[in-house]
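Down below is the structure, laid out as structure tokens.
The values are calculated or read from the model by the stated rules, or taken from the named source; none is laboratory data. Remember, it's a predicted structure, so these values are computed and weren't measured experimentally. All Cβ positions, even for glycine, are placed from backbone atoms using ideal geometry, and neighbour counts span all protein chains on display.
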Amino acid sequence: MTVAIAILNWNGKSWLEKFLPSVIEHSQEAEIYVIDNASTDDSIQFLTSNFPSIKIIQNQSNSGFAKGYNEGLKSIKADIYCLLNSDVEVTENWIFPITKLFFEDQNIAAIQPKILDYNQMNKFEFAGAGGGLIDNLGYPYCRGRVFDDIETDNGQYDDETEIFWASGCSLFIRSEDFWNMNGFDERFFAHQEEIDLCWRLKNAGRKIYYTGKSIVYHVGGGTLNKQNPRKTFLNFRNNLTMLVKNLPIYQVVPIIFTRLVLDGFAGLYFGYKNGWSHLGAILKAHFGFYAAIPQSLKLRQTYQVKNYYQSKWLIFKHFLGSKK
């Protein structure tokens, strides 16, 4: 079983300089690639001068996470792709528990490791934590992270278990499954494209898994931080688009209507908390979502998973109750 680690880079020389050595040290059994999204810094020169063994794939434009990987992975031949963010520090023996799971169960399409916070190493990290889940309104959350509440790692997620989605910051996926799904939806650009891909894989009868026996540390927000309205726009637009594509047909209208109403309240909350440009970003996201509906309906698969969610009405339990 061959493994290729693919690190997508855009003007990320500092991240490569900081974290690439750990990837090289602890990934002897894998080929390492950097897919460069038309960086304007000296990332390429830095790599060729300091890491000549790293294979470089140069995309012609900065087409975001989704298309950037779709284009770059076309040039990589391997049984397993590892899509790894440039701001991730890996640890000793991080690949073996994952390839072992792939060997043991051919129905597993994708796996993520335990993702901890590089800056607070005893805490889970927002983007993936102990494995991704989703509620009945389409709100993503994780074991170890519910909305903005983060758990301390006390070994509670040291298991190996099926999850709903695997984080794109450290996503192992069979290349055959990736291309059977036509890769990421390039309209997403960035954010939640991995959740959409995992949902489509589950609709096709494939499994998504987590292992706590493999650990990585993620900085997070290396390209777009949480205070950026662009991130708010992408998260809201992409989440709604994903629901239209993947929900059972009888659930699409009631859930989308409910979400649009709740997004209005979220816009006021984000505007008050982070600045009113975030309210504008959510309004813009809704119009972007409306424009994408015809194509999203065309991309629906024949079958949609029923009872896909692990929690119901999580937003109310969280903000009006004690579910943290």
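The single condition among (1) assigned to a loop (DSSP other than H, G, I, E, B); (2) of a type outside the set (A, V, I, L, M, F, W, C); (3) touching a Gly at 6+ places or on another chain (Cβ under 7 Å) that Ser53 does not satisfy is (3). Within segment 290-304, residues that are under 16 Å from Val253 (Cβ atoms) sit with their Cβ atoms under 7 Å from residues that are of a type in the set (S, T, N, Q) and surrounded by 13 or more Cβ atoms within 10 Å (Cβ to Cβ), at 6+ positions apart or across chains, in these pairs: Ser296/Thr241; Gln304/Asn203; Gln304/Asn246. The listed residues are Lys226, Lys202, and the only one of them that is of a type outside the set (A, V, I, L, M, F, W, C) and at pLDDT 95 or above turns out to be Lys202. Taking segment 133-196 as the region of interest, none of the strands (runs of 3 or more DSSP E) fully inside it holds 2 or more residues being touching a Lys or Arg at 6+ places or on another chain (Cβ under 8 Å) and in contact (Cβ under 8 Å) with a residue 60 or more places away in the chain. In segment 51-66, the condition of being touching a strand residue (DSSP E or B) at 6+ places or on another chain (Cβ under 6 Å), buried (at least 22 other Cβ atoms within 10 Å of the Cβ) and more than 29 Å from Gln106 (Cα to Cα) is met by no residue.
Against the criterion of being surrounded by fewer than 17 Cβ atoms within 10 Å (Cβ to Cβ) and either out of contact with any Asp or Glu (no Cβ under 9 Å at 6 or more places or on another chain) or free of Cβ contacts under 8 Å to residues at least 40 places away in the same chain (or both), Thr258 qualifies. If you filter segment 134-150 down to residues that are out of contact with any helix residue (DSSP H, G or I) (no Cβ under 9 Å at 6 or more places or on another chain) and buried (at least 19 other Cβ atoms within 10 Å of the Cβ), you find that the one that is farthest from Thr258 (Cα to Cα) is Gly144.
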